[in-house]
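The structure under discussion appears below in the form of structure tokens.
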Amino acid sequence: MSAPAGPNGRGLLDRAAFFGRLRRWAAERPAVAAVIAADGTALSYRGLAAAVAATAAHLRGEGVRPGERVAIPTDNGVASIVTILATAAVGAVPLLFDAGATEQERAQLMRLAETRTCVQPLVAPEPAAWPEPAAPPVSDELALVTSGTNGLPKVVGKHWAAVVDNSIRFAQVARYTGDDRVLCTTPLHHAFAFGVVLVPTLFTGATIVLAPHPPLPSALGSLLAETRATVMQSVPFLYAAALEGMPSHRLPDLRLCVSAGEPLPAAVKAAWREATGASLHDQYGATELGQIAFAAPGSLDDTCRLVPGVRARTRLDGEWSTAEGELFVRVPGPPSRYLGQPGLTEQSYLDGWFRTGDWGTVDGSGRVVVTGRVSRRVVVGGRKVDPAEVESLVRAMAGVRDCVVAVGDDAGYVAFVVAEASVTELGLRRHLAALLSSYKIPRRLHLVAELPRTRTGKIRMGPLWQTLTDRGAASSPPASASEERAR
Amino acid sequence: MEIHNTDTAGHRDPEALVRRRLAERVGDEVAYGIGVDEAFLMVGIDSLDLMHVVAQLEQDAQVQQIAQADLWAVARSIASLVAYIGGGTARPVDHAAGEEAR
């Protein structure tokens with residue numbers, strides 16, 4: 001399969017190039033650790049290549065075929081990495097999703113991806129030769145899951161060439177070297193960890209250090225010190241939480257900390273530098289695109305600039321603009337798409353530019369500033385939540401008449417629910433917990449008499465927030481602005 | 001859990017302390033209604049809220065040494081949090097069950 005061309009006509013490095021590099025490290029740097037997990041398991045580059053080959057042979061034996069989509073419940077363990085890579089090595093399409101997803105969530109995304117194949121992460125023990133490249137035409141895709149805005153998750157089909165190219169360019173501006181040890185604190189199945197840790201670290205011949213997910217924040221300082229991590233990848237909320245236990249740690253090895261998922265508060269950035277000596281660098285990305293912009297070390301200022309190869313522009317009132325507007329982005333390589341939702345894919349592109357749903361500015365130097373979000377999607381601790389998905393499941397519960405979820409300045413991510421007297425907050429939570437991952441469930445589900453509406457039927461949030469103030473509910477510790485926001 | 005050096009700092013009822021701190025994040029009904037061994041996962045309490053609760057309890061009980069880097073190893077239920085802050089000898093905590101959590 002020929003590599004897709006980039007914007008300058010050169011061929012992009014693709015899945016084959018990625019695996020070529022992995023096998024090169026196995027030959028040239030066999031004893032260097034490729035992956036170290038918090039549970040003590042580790043694989044050298046030689047061990048990783050052998051484990052991928054063995055597991056690929058096992059998957060082939062189990063009937064996995066090139067081009068087939070294979071759902072993998074992913075956690076931050078060595079076996080997850082081996083299984084993802086082995087699936088790709090046989091030419092199949094790894095579909096990464098949260099190992100903690102509910103049965104309903106798993107069934108829904110497998111339906112969208114039109115697959116019945118789900119493989120638990122494993123490391124096959126029987127040695128095997130590296131799999132022969134699949135004969136073309138074979139899909140060069142992988143699939144990641146993110147929240148939607150229409151009640152359905154988005155299963156994002158991405159091309160390896162686009163992912164590898166973007167990841168390598170990010171690694172170049174982040175100055176990754178083979179001596180780096182990159183601590184991953186967010187879920188591997190998210191694009192942030194996949195594009196900032198998994199692909200660029202292995203391509204560079206560096207070492208992935210996997211923190212458990214979710215981590216205990218007070219343990220992160222020790223983990224950084226013990227693993228002598230040189231790069232940390234996390235979200236603003238976790239950096240802030242880890243600071244509580246950080247003052248006693250001296251971290252001379254730590255040189256670069258990457259933050260994404262939500263805006264990075266200046267106070268967290270300053271406190272982190274003070275406590276660790278390492279600088280925190282903001283990154284702006286999207287599941288569909290990868291790393292869009294990065295406040296790279298050594299740049300003129302600490303604002304996010306487009307990662308090389310990425311282009312961005314804004315659109316305002318139906319016209320391309322140079323002013324603040326909705327951000328549209330292009331990355332080299334074939335565009336991503338939404339599996340099972342072709343109409344949504346079509347709506348997401350305009351003349352080849354991807355509609356990010358974010359609001360902001362981009363200037364001639366490539367500086368990108370995100371100022372808001374066009375859609376209702378909510379961000380909770382860096383994780384994206386679709387309000388429509390949550391509201392529809394609450395409304396489906398017996399005794400519930402109406403529901404709206406929202407993020408308040410003081411109250412955080414909450415729901416207002418109109419229901420019969422027999423419905424309780426604890427009962428609602430038990431109902432939702434069987435259907436939704438915990439991070440999608442509002443921190444509080446406030447039972448109210450009605451959802452006040454305007455004449456046009458729009459819910460008036462003001463009186464609902466006032467209800468909380470009147471009840472004194474807002475006296476509970478407010479969620480910080482960096483934790484929960486409507487974007 | 002044995003390598004914790006914990007001190008409940010005068011809190012004679014660690015379970016009451018745990019429930020109080022949990023109530024500050026998710027409200028009284030959930031914090032006082034959930035069973036002592038009922039997994040937080042079963043009522044959909046988010047890891048982000050539990051991180052706040054653990055951080056507060058670590059200060060309350062002056063937890064000196066962190067045994068594990070996995071949140072679910074210490075914050076699976078009321079009972080496991082009580083054990084974490086040093087009051088857990090009266091109640092069993094199923095460590096393996098943490099692997100089910102998300």
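The values are calculated or read from the model by the stated rules, or taken from the named source; none is laboratory data. Quick caveat, the model's predicted, so the values are computed rather than measured. Cβ sites come from the backbone with ideal geometry, for glycine too, and all protein chains shown count toward neighbours.
Being of a type in the set (D, E, K, R), loosely packed, with under 14 Cβ neighbours inside 10 Å and more than 22 Å from A:ILE81 (Cα to Cα) is the requirement here; does A:GLU114 meet it? Explain how you work it out, then say what you get.
Working: of a type in the set (D, E, K, R): yes; loosely packed, with under 14 Cβ neighbours inside 10 Å: yes; more than 22 Å from A:ILE81 (Cα to Cα): yes.
For A:GLU114, the condition - of a type in the set (D, E, K, R), loosely packed, with under 14 Cβ neighbours inside 10 Å and more than 22 Å from A:ILE81 (Cα to Cα) - is met.
Any residue that is in contact (Cβ under 8 Å) with a residue 24 or more places away in the chain and part of a helix (DSSP H, G or I) - is there at least one of those in region A:360-377? Scanning region A:360-377 turns up no residue that is in contact (Cβ under 8 Å) with a residue 24 or more places away in the chain and part of a helix (DSSP H, G or I). Candidates in region A:226-260 are the residues that are within 12 Å of chain B (Cβ to nearest Cβ) and more than 19 Å from B:HIS52 (Cα to Cα); of these, the one that is surrounded by the most Cβ atoms within 10 Å (Cβ to Cβ) is A:THR227.
Look at A:GLY399 and say whether it is within 14 Å of another protein chain (Cβ to nearest Cβ), touching a residue at least 12 places away in the same chain (Cβ under 8 Å) and on the phi > 0 side of the Ramachandran plot.
Considered against the rule, which asks whether it is within 14 Å of another protein chain (Cβ to nearest Cβ), touching a residue at least 12 places away in the same chain (Cβ under 8 Å) and on the phi > 0 side of the Ramachandran plot, A:GLY399 comes out as no.
Candidates in region A:156-185 are the residues that are of a type in the set (Val, Ile, Thr) and assigned to a strand (DSSP E or B); of these, the one that is surrounded by the most Cβ atoms within 10 Å (Cβ to Cβ) is A:VAL182.
Go through A:PHE194, A:PHE203 for me and flag whichever is in contact with a Leu (Cβ under 7 Å, 6 or more places away or on another chain) and away from every other protein chain (no Cβ under 14 Å).
Just one listed residue meets the conditions, A:PHE194.
Within the set B:ARG102, B:ARG12, the sole residue that is modelled with pLDDT under 95, surrounded by fewer than 23 Cβ atoms within 10 Å (Cβ to Cβ), part of a loop (DSSP other than H, G, I, E, B) and facing another protein chain (nearest Cβ under 9 Å) turns out to be B:ARG102.
Give the residue that is surrounded by the most Cβ atoms within 10 Å (Cβ to Cβ), with candidates limited to residues of region A:262-288 that are under 20 Å from A:TYR176 (Cβ atoms) and under 15 Å from the mean Cα position of the chain (by Cα). Among them, the one singled out is A:TYR284.
For region A:359-382, a residue qualifies if it is in contact with a Cys (Cβ under 9 Å, 6 or more places away or on another chain) and either crowded, with 19+ Cβ neighbours inside 10 Å or among the aliphatic types (A, V, I, L, M) (or both), and the qualifying residues are A:VAL368, A:VAL369, A:VAL370.
Entry remark, region A:145-155: residues being of a type in the set (A, V, I, L, M, F, W, C) and surrounded by 24 or more Cβ atoms within 10 Å (Cβ to Cβ) number 2 in total.
From the residues in region A:305-343 that are hydrophobic (A, V, I, L, M, F, W, C) and closer than 20 Å to A:VAL374 by Cα, which one is surrounded by the fewest Cβ atoms within 10 Å (Cβ to Cβ)? So that I can check it myself, show each step before the final result.
Keep residues of region A:305-343 that are hydrophobic (A, V, I, L, M, F, W, C), which gives A:306-307, A:310, A:312, A:316, A:320, A:323, A:327-329, A:331, A:339.
Add one more test, that the residue is closer than 20 Å to A:VAL374 by Cα, and what stays is A:312, A:316, A:320, A:323, A:327-329.
Numbers: A:ALA312: 23, A:LEU316: 13, A:TRP320: 13, A:ALA323: 7, A:LEU327: 28, A:PHE328: 21, A:VAL329: 23.
Here the answer is A:ALA323.
Consider A:LEU447 carefully, then state whether it is among the aliphatic types (A, V, I, L, M), over 28 Å from the mean Cα position of the chain (by Cα) and at pLDDT 95 or above. So A:LEU447 fits the description; yes.
Tell me whether region A:455-468 contains one or more residues that are of a type in the set (S, T, N, Q), within 12 Å of chain B (Cβ to nearest Cβ) and within 28 Å of B:MET51 (Cα to Cα).
Within region A:455-468, the subset of a type in the set (S, T, N, Q) is A:456, A:466-467.
From the residues that got through so far, the ones that are within 12 Å of chain B (Cβ to nearest Cβ) too are none.
So far as region A:455-468 goes, no, none of its residues is of a type in the set (S, T, N, Q), within 12 Å of chain B (Cβ to nearest Cβ) and within 28 Å of B:MET51 (Cα to Cα).
For A:GLY277, the criteria (1) within 30 Å of B:VAL53 (Cβ to Cβ); (2) in contact with a strand residue (DSSP E or B) (Cβ under 7 Å, 6 or more places away or on another chain) hold in every case but one, which is (2). When A:ILE81 is tested against (1) crowded, with 24+ Cβ neighbours inside 10 Å; (2) within 14 Å of chain B (Cβ to nearest Cβ), exactly one condition is not met: (2).
Could you please let me know if A:LEU210 is at pLDDT 95 or above, surrounded by 19 or more Cβ atoms within 10 Å (Cβ to Cβ) and in contact with a Cys (Cβ under 8 Å, 6 or more places away or on another chain)? Please lay out each step first, then the result.
Working: at pLDDT 95 or above: yes; surrounded by 19 or more Cβ atoms within 10 Å (Cβ to Cβ): yes; in contact with a Cys (Cβ under 8 Å, 6 or more places away or on another chain): yes.
When the stated conditions are applied, A:LEU210 passes them.
None of A:LEU436, A:LEU445 is assigned to a loop (DSSP other than H, G, I, E, B) and at the interface with chain B (Cβ under 9 Å from one of its Cβ atoms) except A:LEU436.
Looking at region A:412-426, which of the residues that are within 11 Å of another protein chain (Cβ to nearest Cβ) and within 21 Å of B:LEU48 (Cα to Cα) is surrounded by the most Cβ atoms within 10 Å (Cβ to Cβ)? Checking each candidate, the answer is A:TYR413.
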